[in-house]
Amino acid sequence: MAKILQIETATQVCSVALSIDGNTVAVKEESGQNIHASNVTLFIEEVMKAAGLTYPEIDAVAVSKGPGSYTGLRIGVSTAKGLCYALEKPLIAIETLKMMSAGFQIENPAYRGLICPMIDARRMEVYTSVFNSSLEIIEPTSAKIIDETSFANLLSQNRITFLGDGAAKCAETLNHPNADFSNQNFNAAPYMSALANLAFNHGNFEDVAYFEPFYLKDFVVTQPKKKV
């Protein structure tokens, strides 16, 4: 039975779960600004205690690899890598947008339209991709600036459900009869359980030494303007 510790920190949600053979047995999560650094290790301890497991008993650590918040991803991945080094356990990386789509499909098993997860970037930009109900990629991950023509071809022939913290700001712009919007949170570590278990069973592990988050875009540090 694969026992996997799962960490999701790609957005404002700090979420940790423990799964056994793809079934979530413990979870702890909270949403808020800049909470990952102070909460993620505490949440891990609480989840391990709730599951009744010691650290050597877990078989792998899975982490949401991005895209998403630069700081959040860095904290989640560094925490996961630190555990893997200390425990000599394999590292599993789960694409964040696929995890969100998997979560939507879990909660809506009869749904047969397309799924478009969106992570808020800035202004009208989002990190997004499109999946079908079998989680096959219809449009690959990209950074998009959303306007009235976005997804026009797909919307003309398919029902699409938009979800994630980037979807709400796009609702008015993506005004189409085939566009639906979900306000449920799918940036949650339990939605990683089945995907992480599948990766474990297939031996899809990352190189702990060299693995980096999937930032999608370079992090740009802005300097305050000097007073003249």
Does region 61-77 contain any residue that is free of Cβ contacts under 8 Å to residues at least 40 places away in the same chain, of a type outside the set (G, A, S) and closer than 29 Å to E139 by Cα?
yes
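Which residues, counting only those in region 100-124, are more than 16 Å from Q184 (Cα to Cα) and at pLDDT 95 or above? Walk me through how you get there before you give the answer.
Of region 100-124, the ones more than 16 Å from Q184 (Cα to Cα) are 110, 112-114, 121-124.
Correct list: A110, R112, G113, L114.
Can you find, within region 72-89, the residue that is surrounded by the fewest Cβ atoms within 10 Å (Cβ to Cβ) among those that are of a type outside the set (D, E) and over 14 Å from I7 (Cα atoms)? Quick ask: steps written out before the conclusion?
Here is the first cut: in region 72-89, the residues of a type outside the set (D, E) are 72-87, 89.
Now drop any that are not over 14 Å from I7 (Cα atoms), which leaves 85-87, 89.
Details: Y85: 12, A86: 9, L87: 16, K89: 20.
Of everything passing the filter in region 72-89, A86 is surrounded by the fewest Cβ atoms within 10 Å (Cβ to Cβ).
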Across region 144-177, which residue is surrounded by the most Cβ atoms within 10 Å (Cβ to Cβ) among those that are out of contact with any strand residue (DSSP E or B) (no Cβ under 8 Å at 6 or more places or on another chain) and in a loop (DSSP other than H, G, I, E, B)?
H176
Of everything in region 43-99 that's farther than 28 Å from K217 by Cα and either at pLDDT below 95 or among the basic types (K, R) (or both), which residue is farthest from the chain's Cα centre (by Cα)?
K49
What's the number of the only condition in (1) modelled with pLDDT under 95; (2) closer than 24 Å to E8 by Cβ; (3) touching an Asp or Glu at 6+ places or on another chain (Cβ under 9 Å) that N183 fails to meet?
(3)
Within the set of pairs 6 or more residues apart or between chains, which connect a residue that is in a loop (DSSP other than H, G, I, E, B) and among the small types (G, A, S) inside region 178-203 to a residue that is at pLDDT 95 or above and surrounded by fewer than 18 Cβ atoms within 10 Å (Cβ to Cβ) with Cβ atoms less than 9 Å apart?
S182/E107; S182/N108
For region 12-35, state whether one or more residues are modelled with pLDDT under 95, touching a Ser or Thr at 6+ places or on another chain (Cβ under 7 Å), outside any helix (DSSP H, G or I) and over 18 Å from P190 (Cβ atoms).
no
Anything in region 197-228 that is at pLDDT 60 or above and among the hydroxyl-bearing types (S, T, Y)? List them, or say none.
Y210, Y215
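Mind listing just one residue for me: the one in region 110-125 that is charged (D, E, K, R) and either touching a residue at least 60 places away in the same chain (Cβ under 8 Å) or part of a loop (DSSP other than H, G, I, E, B) (or both) and, of those, surrounded by the most Cβ atoms within 10 Å (Cβ to Cβ)? Break it down into steps so the answer makes sense when it comes.
Step one: filter region 110-125 for residues charged (D, E, K, R), giving 112, 120, 122-123, 125.
Restricting the remaining residues to those that are either touching a residue at least 60 places away in the same chain (Cβ under 8 Å) or part of a loop (DSSP other than H, G, I, E, B) (or both) gives 112, 120, 123.
On the way: R112: 10, D120: 20, R123: 9.
My answer is D120.
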Take S64 and decide whether it is small (G, A, S), out of contact with any Pro (no Cβ under 8 Å at 6 or more places or on another chain) and under 22 Å from Y127 (Cα atoms).
yes
I'm checking my understanding of the structure. Among residues of region 1-50 that are among the hydroxyl-bearing types (S, T, Y) and crowded, with 18+ Cβ neighbours inside 10 Å, which one is farthest from G203 (Cα to Cα)?
T11
Can you find a residue that is within 18 Å of I106 (Cα to Cα) and of a type outside the set (D, E, K, R) anywhere in region 31-53?
no
Residue check, A93 buried (at least 20 other Cβ atoms within 10 Å of the Cβ) and assigned to a strand (DSSP E or B)
yes
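The values are calculated or read from the model by the stated rules, or taken from the named source; none is laboratory data. Because the structure is a prediction, the values reported are computed rather than measured. For neighbour counting, all protein chains shown are included, and Cβ atoms are generated from backbone atoms with ideal geometry for every residue, glycine included.
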